[in-house]
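What follows is a single structure, written as structure tokens, with notes after it.
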Amino acid sequence: VSLCLAGTMTIIDYAIGGYRDGESTLTFGILKSLRKGDLLVADRHFAAAHFYVRDQAMDLEVLIRGHQCLKISRVKRRVCYSANDFIGRLNISKTYRRQDPSLPASINVRFIKAKLRIRGRVSVVWFATSLLDAQRYPARQIVALYARRWRIETLFREFKITLSADVLRSQSPDGVRKEIIARLAALNIVRSIMLEAAAKAKIDDPLRISFSHAVRALISFSAALSRVPLALVWNVYEAMLVEIASHVNP
């Protein structure tokens, strides 16, 4: 499980577990890396009333796609901004309340309906968020913000395919962890250099730069960087930044 910055897709924390460890359990341990007032954007696997309570207890704001099993028509509406934007009250399951007596009986959550194109098809999607003030947080901006979350799926592809983490060759748990951690570090290094290249080329969205090309450029220029005199290293490095910034995805 990884926790990333939405604007740069750099990993700020991660958790590695065994085969039987759940994503939710692993996630609890890395949320401490967030700060008070941060907005956690997650997929609907983490959409549940007791999750919302837990996140807000840590002074975090949340934006999550509504769970597929939630019947929006049954949610009691407290405040209606529009037919597609309202604050509703969710009851917390007695099972979770028995496990954690500190949980309240219910929590107020804002629900926003939107039409999105997902895998080439237009779908109706409900979002749940703790950002209750419609004036400070317009629905359209919240929906646009959630669209950034899908970029993490691209990050997983880059991690597994471009950085060859789809096949791990170590024969021990510690060896496997080291392989994963080394690739996570490499991913952040590449991202940092891509940010530098974007700033130099004045590219507004650094995520439009091709990650795979950035990796190839780093490998290609590494030989020259290791051989040229020290006085020329910066010139080669700047040429590498120009090459990385030249491949921008549409």
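The values are calculated or read from the model by the stated rules, or taken from the named source; none is laboratory data. All of these numbers come straight from a predicted model, not from anything done at the bench. Don't worry about glycine lacking a Cβ; one is built from the backbone with ideal geometry, like all the others, and counts go over all protein chains shown. Quick note on the areas: whole protein, heavy atoms, side chains included, nothing else; ligands and nucleic acids left out. Shrake-Rupley method; radii C 1.70, N 1.55, O 1.52, S 1.80 Å.
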Carbon and sulfur %, accessible surface of the chain computed with the full protein complex present, 1.4 Å: 52 percent
Please give the per residue accessible area of segment 199-250, computed with a probe of 1.4 Å over protein heavy atoms only, in Å². 63 Å²
Residue-averaged 222 nm ellipticity for the chain, from DSSP H runs of 4+ at -39500 (n - 2.57), nearest 500: -12000 deg cm²/dmol
Stretch Arg208-Leu168 to full length: gain in nm at 0.36 nm per residue minus the Cα-Cα span? 11.5 nm
I'd like the distance between the alpha-carbon centres of segment 57-97 and segment 138-158, rounded to an integer number of Å. 20 Å
So, with points 7 Å from each Cα along the Cβ direction, the Arg97-Ser246 label distance in nm works out to 6.4 nm
Given pairs Lys71/Lys113; Lys160/Lys200; Lys36/Lys71; Lys76/Lys113 and cut-off 21 Å on Cα-Cα distance, the over-length ones are Lys160/Lys200; Lys36/Lys71
A chain fully extended from Leu230 to Ala147 at 0.36 nm per residue, minus the present Cα-Cα distance, gains in nm 25.5 nm
Just check segment 125-184 against the gyration tensor rule for me: Cα atoms, a ≥ b ≥ c as the square roots of the eigenvalues, rounded for a/c under 1.5, and otherwise prolate or oblate depending on whether a/b exceeds b/c. prolate
Which is farthest toward the positive dipole end of the chain among Ile203, Tyr137, Ile189, measuring Cα position about the Cα centre, with Cβ charges +1 (Lys, Arg) and -1 (Asp, Glu)? Tyr137
Work the Kirkwood hydrodynamic radius out for the chain: mean of 1/r over every pair of different alpha-carbon atoms, inverted, in Å. 20.8 Å
Could you order peptides 183-195, 93-105 by the average number of other Cβ atoms within 10 Å of their residues, highest first? 183-195, 93-105
Centroid-to-centroid separation of segment 214-250 and segment 186-200 [C-alpha atoms, Å]: 12 Å
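Starting from the Cα gyration tensor of segment 134-250, take the square roots of the eigenvalues, sort them a ≥ b ≥ c, and report rounded, prolate or oblate (rounded when a/c is under 1.5, otherwise prolate if a/b is larger than b/c, else oblate).
oblate
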Theoretical FRET efficiency, 1/(1+(r/R0)^6), r = Cβ-Cβ of Ala83 and Asp133, R0 25 Å, to 0.05: 0.85
Charge dipole magnitude, Cβ of K and R +1, D and E -1 - segment 81-207, Cα centre, debye nearest 20: 400 debye
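By how many nm would the segment from Cys69 to Arg121 grow when fully extended, if each residue of separation counts as 0.36 nm and the alpha-carbon distance is taken off? Write out the running numbers ahead of the final one.
Values: separation 52, 0.36 × 52 = 18.72 nm, distance 2.07 nm.
Between Cys69 and Arg121, full extension yields an extra 16.7 nm.
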How far apart, in nm, are two points set 7 Å out from the Cα along the Cα-to-Cβ line at Glu23 and at Lys76? 3.1 nm
